[in-house]
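One structure below.
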Amino acid sequence: MSVARYWREIPRRYRLEAGKCSNCGYIAFPHRLVCPECGSRKFEDYRLKDTGKIVSFTTIEVGPTEFSDQVPYNVGIIELGDEVRITAQIADADPKDIKIGGKVKLEFRKIQQDGHAGVIKYGYKAVLV
Amino acid sequence: MREVAIIGVGLMKWGELWKKSFRDIFVEAALNSIDDAGVERIDSMYIGCMSGGLFTGQEHIGSIMADYLGQKHIPAARVESACASGGLAVKMGFLEVASGMSDIVLVGGVEKMTDVDGGGATAALATAADQEYEVYNGITFPGLYAMIARAHMDKYGTKREHLADVAVKNHSNGLHNPNAQFQMKISREDVLNSVMVASPLRILDCSPITDGAAAMILCDLETAKRISKKMPVRILGIGHASDTIALHNRKDLTTLNSTVKAAQDAYKMSGVKPSDIDVAEVHDCFTIAEIVASEDVGFFEKGEGGCAVSDGRTQIGGQIPINPSGGLKSKGHPVGATGVAQVIEIVEQLRGNAKERQVENAKTGLTQNMGGSGGSSIIHILKGEE
Amino acid sequence: MDNNKAGIVGYGAYIPRYRIRVEEIAKVWGADANSYKKGLDVLEKSVPGPDQDTISMSVEATKYALKRAKIDPQEIGAIYIGSESHPYAVKPSGTIVAEAIMATPDIHCADYEFACKAGSEAMFVSMSLIKAGEMKYAIGIGGDTSQGAPGDALEYTTAAGSASFIFGKDNLLAECLYTHSYMTDTPDFWRREYMHYPRHGGRFTGEPAYFKHTIGCGKKILEKSGMNPSDFQWAVFHQPNGKFPKRAAKMLGFSFEQIKQGWLVPLLGNTYSGASPIGLTAILDVAKPGDLIFMVSYGSGSGSDGFIFKVTDKLPEVQNLAPHTRYQLENNRIYLDYGTYTKYRGKILKAE
């Protein structure tokens, strides 16, 4: 992944910056230029809540190359407090403790790295609360 | 718009084809379709291919395939909609003929997946998901469908055994398909004890990595009636819909809206209803996908798909036979070729040419080809022209 | 208002959930666990998850500090991180933390390194800038994913954690009354460029190094303040093992009761740059208005930074706004076997 491609997503990945449709209130994460609900092109800055609940989840036992050292790891679809859904790893958790509806909060974690010499890529992961 | 018919189909033995190249496999299937149709020329060509670039380094696929097929200077285009690329090629071929742009069109699909290692194939397939907001965080395709499965189990009480029975049925059908990659009988226990890939999905819930190609010849119905040696099969209706490619952006994980929408459109265009369908090929990239699709195209009520499989309602001879070919599960899943091969299986069924896996008295068939985790879905409804 | 007033307006610590017990390490190296447990006064240590590093832990510690400080991150003028495990050899850790808490771009960032003293150094500079009136708020962080070579005595203690302190002039939780720094060139522990693990002078790290500087600094700051050890409710020292801080406290005239709350090392291990700062957060979690806190760090090479803090009336209002340090230390622990530990710490040689 090029550095620029990583860098331009920093506001979303580090700070959960989103856009809120000025017309209908739809929250776009990541930001969008057009509201998928009402077609409005006006958005206000919005920051997602960092707590939520698990909608569904899985434990990845066979991972892509970048994540092969981390298996088994848990991934879930998380519905944050503002009803926005994201895909995130569920870190530090025994799969037996993960339940649909379980409460989580987001933490800042290392997500990937480009080998031993490349850039380290950070972002959000969920942890059980 | 002109009526469009399929007059020839061509497949090849799918699998890990170490000795055959990307272009070899396409040309082999394409020549088989030309021979089957008995045509002497083709006017244009559409090829479904998800990621020649990532799998083999080759793009500009329309031209290289036309060249190696010996079709100098014909218009040839590669189309892409992830794992629904093949279905999309069929639709484009249909439009080409229906519009009068071409009379005889070759529609193909191809994927050469084994020139990269497992990690490379996983990464290439993952490009069908949202790279920045799904894949970045470590999700895989088995993982996405696993989350669909878990949500379906949670909401409807679908059981792990139901998922296993999809694989058992499809492998049982695939035993009779000489072109299938995995012609082997498996039991429910085999599935339940196979290696976990992304819980609750195990390796025998997943379609394999496959090299393969498929091709067919389309022409307008009038010409078809004149020149076709075999029974022409009409494309009665097409539905094609998109959806968010990030699974998390859907309100309900247990239904794939693109399939629901595509099915509605295809039924409307063809004037048939779910109960009129005699045989179907649906996109069982994972066992749960067949269950969800069988509900979303209207064969079963929401939540009944799992029981329907275990009750035998989708086996050959059942209420609505699904994936008599063996499905992606047994036949293999060379992603770009899959959508074309699904249509080919229905053509063989409607022609009455499917031998041991023949669905009796099949008159009308349906195919459902999915891209990604439901970001696109393409449905074709086909009818034999007596 | 006293213009020279400065102190802590927010604090937070982050300790990873993973742990490994001394027995688990001793088993692998054929060592006697009990003699290590007794000799080091350490039972287990924290381990960073494979997705945690000094930066990620510092972001979480700083988020906790912000919950307690309740300030606008845009008013933060500096972020300094002290660590000997900055994830990059070249590229600042501070900018990543600043970006994550929305404190960019009008901010000064620098990464510090002074063995285990880098954290208190970041605190010292942050506070000095506040005292000088250069900015409204400054953040000093001490954190490490400490390195210790497999089989070395250090492996029983090298741990992970981070503490973050927001300094300011108003709404203080604890005012800093005095500081003193004390240092000489004493090579008791070092890590050369490109080396994975530090080297150390064995018993030389004790008397001429840790004790000379800790006691030297401690005495000087007591002298400066005119205070006696008995004036303090709390004290915290650098804690490379359980024994050293206990002995240093005794030598200076502090009781075990005074250091007990911030003496985290038996369960936490040595978090290097985070060691005395995380200890300070544990004290702030329970301290009462008017309490005096004595802190002396130590970093090899060598030197100590001393601080005297006085708790204000405001501290009790914010103590529970973020997870307490001892709560993180004593709850939700996940124990690792040595194999998983070495995998998480990247100690296994893999094919290219």
Note down the relative contact order for the range C:175-315 as a percent, whole number, built from C-alpha pairs under 8 angstrom at least six residues apart.
36 percent
Chain-alone versus full-assembly comparison, the range B:197-212, residues with accessible loss of at least 10 Å² (1.4 Å probe)
B:Val197, B:Ala198, B:Ser199
In debye, nearest 20, what is the charge dipole magnitude of the protein assembly as shown about its Cα centre with +1 on Lys and Arg Cβ and -1 on Asp and Glu Cβ, if you could check?
1620 debye
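Based on Cβ point charges of +1 for Lys and Arg and -1 for Asp and Glu, what charge dipole magnitude is obtained for the range A:49-129 about its Cα centre, in debye rounded to the nearest 20? Working shown, then result.
Values: 11 positive and 12 negative charges, 45 e Å.
So the dipole magnitude of the range A:49-129 works out to roughly 220 debye.
Which whole-number percent is the relative contact order of chain A (Cα, under 8 Å, 6+ apart)?
Working: 254 pairs, mean separation 26.2, N = 129.
With pairs under 8 Å counted, the relative contact order is 20 percent.
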How high is the relative contact order of chain C, in percent, counting Cα pairs under 8 Å that sit 6 or more residues apart?
25 percent
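Could you list, in their original order, any pairs among A:Lys125/B:Lys251; B:Lys185/B:Lys355; C:Lys70/C:Lys117; B:Lys225/B:Lys329; B:Lys230/B:Lys355; A:Lys121/C:Lys350 whose Cα atoms are separated by more than 24 Å?
From the list (A:Lys125/B:Lys251; B:Lys185/B:Lys355; C:Lys70/C:Lys117; B:Lys225/B:Lys329; B:Lys230/B:Lys355; A:Lys121/C:Lys350), the Cα-Cα distance tops 24 Å for C:Lys70/C:Lys117; B:Lys225/B:Lys329.
Just checking the output field for C:49-59: average partner chain Cβ neighbours within 10 Å of each residue's Cβ? Walk me through the numbers before you get to the answer.
On the way: counts 7, 6, 16, 7, 5, 0, 5, 9, 3, 1, 5.
Going residue by residue through C:49-59 and averaging, the value is 6.
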Under 20 Å from the Cα of C:Lys37, which lysines turn up, not counting those fewer than eight places away in the same chain?
C:Lys27, C:Lys45, C:Lys243, C:Lys246, C:Lys260
Evaluate the distance, in nm, between pseudo-label points positioned 7 Å from the Cα of A:Lys105 and of C:Ile334 along their respective Cα→Cβ axes.
1.7 nm
Column: log10 I(q)/I(0), Debye, Cα scatterers of chain B, q = 0.09, 0.11 Å⁻¹:
-0.44, -0.67
Can you pull the one-decimal nm distance between simple spin-label points at B:Asp154 and C:Lys250, each 7 Å off the Cα toward Cβ?
5.6 nm
Can you work out the accessible area per residue across the range C:175-315, with the rest of the protein chains kept in place, probe 1.4 Å, in square angstrom?
40 Å²
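How long is the gain from C:Glu352 to C:Phe211 if the chain were fully straight, where each residue apart is worth 0.36 nm and the alpha carbon distance is subtracted?
Numbers: separation 141, 0.36 × 141 = 50.76 nm, distance 4.43 nm.
Gain on extension, C:Glu352 to C:Phe211, equals 46.3 nm.
Using a ≥ b ≥ c from the Cα gyration tensor of the range B:191-317 (square roots of the eigenvalues), is it rounded, prolate or oblate, where a/c under 1.5 gives rounded and otherwise the larger of a/b and b/c decides, a/b for prolate? Don't jump to the answer; show the numbers that get you there.
Working: a/c = 1.84, a/b = 1.57, b/c = 1.17.
Verdict is prolate for the range B:191-317.
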Once you treat every alpha carbon in the range A:36-76 as an equal point and sum by Debye, what is log10 I(q)/I(0) at q = 0.15 Å⁻¹?
-0.67
Inter-part distance where the range B:99-142 and the range C:225-289 are each reduced to a Cα centre, Å:
59 Å
Can you order the peptides A:53-61, B:298-306 by their average number of other Cβ atoms within 10 Å per residue, highest first?
A:53-61, B:298-306
Round to the nearest 10 and give me the degree value, 0 to 90, for the angle of helix C:243-252's Cα axis relative to the longest principal axis of chain C.
40 degrees
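Decide, for the range A:1-116, between rounded, prolate and oblate: order the square roots of the alpha carbon gyration tensor eigenvalues as a ≥ b ≥ c, take rounded if a/c falls under 1.5, and otherwise choose prolate if a/b is larger than b/c, else oblate. Provide the component values of the computation, followed by the final result.
Numbers: a/c = 2.50, a/b = 1.42, b/c = 1.75.
Oblate.
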Indicate the gyration tensor shape class of the range C:175-315 (rounded, prolate or oblate), computed on the Cα atoms with a ≥ b ≥ c the square roots of the eigenvalues: a/c under 1.5 is rounded; otherwise a/b larger than b/c is prolate and the rest oblate.
prolate
Total charge dipole magnitude, the range C:190-317, about the Cα centre, Cβ charges on Lys, Arg, Asp, Glu only, Debye to nearest 20:
560 debye
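Carbon and sulfur atoms: what percent of the 1.4 Å accessible area of chain C do they account for? Could you put the intermediate results ahead of the total?
Numbers: 6980 of 13520 Å².
Carbon-and-sulfur percentage of accessible area, whole number: 52.
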Expressed as a percent, the accessible surface of the range A:49-129 that is carbon or sulfur, using a 1.4 Å probe and the full set of protein chains, is 51 percent
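What's the carbon and sulfur percent of the range B:189-327's accessible surface, probe 1.4 angstrom, rounded to a whole number? Don't jump to the answer; show the numbers that get you there.
Working: 2380 of 4680 Å².
It is 51 percent, rounded to a whole number.
Ranked highest first by average number of other Cβ atoms within 10 Å, how do C:343-351, C:321-329 line up? The partial results should precede the final answer.
Details: C:343-351: 12.3, C:321-329: 19.7.
Result, highest mean Cβ count within 10 Å first: C:321-329, C:343-351.
Taking each residue of A:6-15 in turn, how many C-beta atoms of other protein chains fall within 10 Å of its C-beta, and what is the average? Present the calculation step by step, with values, prior to reporting the outcome.
On the way: counts 2, 0, 1, 3, 4, 2, 2, 6, 8, 5.
Taking all residues of A:6-15 together, the mean is 3.
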Scattering curve values for the range A:49-129, log₁₀ I(q)/I(0), Debye with Cα scatterers, q = 0.14, 0.17, 0.22, 0.27 Å⁻¹:
-0.45, -0.65, -1.00, -1.30
Which whole-number value in Å² is the accessible area per residue of chain B, probe 1.4 Å?
33 Å²
Of B:Val272, B:Val90, B:Val110, the most mobile residue in a GNM of chain B (C-alpha springs, cutoff 10 Å) is B:Val272
For the range C:161-210, state which trypsin sites (Lys or Arg not before Pro) are in a DSSP loop and have at most 16 other beta carbons lying within 10 Å of their beta carbon.
C:Arg192
Quick check on the protein assembly as shown: of the DSSP beta bridges with both residues there, what percent are antiparallel, nearest 5%?
75 percent
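Which loop-located GluC sites (Glu not before Pro) does the range C:169-256 contain, where loop means any DSSP state but H, G, I, E or B and the Cβ has at most 14 other Cβ atoms within 10 Å? Each step should come with its number before you reach the end.
Numbers: sites: C:Glu175, C:Glu193, C:Glu223; in loops: C:Glu193.
Hits after loop and neighbour filter: C:Glu193.
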When chain C is modelled as a GNM with alpha-carbon springs shorter than 10 Å, which of C:Gly201, C:Gly148, C:Gly218 fluctuates the most?
C:Gly201
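Could you report the buried accessible area between A and C, both sides summed, computed with a 1.4 Å probe and given in Å² to the nearest 100? Kindly include the intermediate steps, with their values, before the conclusion.
Values: alone 8180 and 14520 Å², together 20750 Å².
Counting protein atoms only, the buried area is about 2000 Å².
Would you tell me the mean number of C-beta atoms belonging to other protein chains that fall within 10 Å of each C-beta in B:242-255, as a whole number?
Per residue, the number of nearby Cβ atoms from other chains is 3 on average.
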Once Rh for the protein assembly as shown is found with the Kirkwood sum over Cα pairs, what is the Stokes-Einstein diffusion coefficient at 4 °C and 1.567 mPa s, in µm²/s?
43 µm²/s
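The values are calculated or read from the model by the stated rules, or taken from the named source; none is laboratory data. Since the structure is predicted, the reported quantities are computational estimates derived from the model, not experimental observations. Cβ atoms come from the backbone with ideal geometry, glycine included; neighbour counts cover every protein chain shown. All accessible areas refer to the heavy atoms of the entire protein, side chains included, with ligands and DNA or RNA removed. Shrake-Rupley method; radii C 1.70, N 1.55, O 1.52, S 1.80 Å.
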